[in-house]
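The values are calculated or read from the model by the stated rules, or taken from the named source; none is laboratory data. All of these numbers come straight from a predicted model, not from anything done at the bench. When we count neighbours, we look across all protein chains shown, and the Cβ atoms used for this are built from the backbone with ideal geometry, even at glycine.
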Amino acid sequence: MPEPFHLVYRRDAFRELERLPAANQQRVRQRIGELRSDPRPPGSETYKGHEHAWKIRVGN
């Protein structure tokens, strides 16, 4: 059974993640992992002009 969604990362996302403090990296990775069970968690928003692209916020 195929997955109903997939994640798309910006090209520089991994470099930006590596620049974060270790504790923040862990929080971001955990939130990304949680998307497997709930791809649109409370507080998620669509990108303006992109009906099928969603974003989540981690932190402040």
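Below, the figures for the structure above:
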| quantity | calculated |
| --- | --- |
| The range 2-57 - residue that is over 11 Å from the mean Cα position of the chain (by Cα) and polar (S, T, N, Q) and, of those, surrounded by the fewest Cβ atoms within 10 Å (Cβ to Cβ) | Ser37 |
| Contacts under 8 angstrom Cβ, first residue in the range 2-18 being acidic (Asp, Glu) and at pLDDT 80 or above, partner part of a helix (DSSP H, G or I) and surrounded by 10 or more Cβ atoms within 10 Å (Cβ to Cβ), 6 or more apart | Glu18/Gln25 |
| Unmet requirement for Thr46, which otherwise passes all of (1) in a strand (DSSP E or B); (2) in contact with a helix residue (DSSP H, G or I) (Cβ under 9 Å, 6 or more places away or on another chain) | (2) |
| The range 21-60, subset touching a strand residue (DSSP E or B) at 6+ places or on another chain (Cβ under 7 Å) and over 14 Å from Phe5 (Cβ atoms), residue modelled with the lowest pLDDT | Tyr47 |
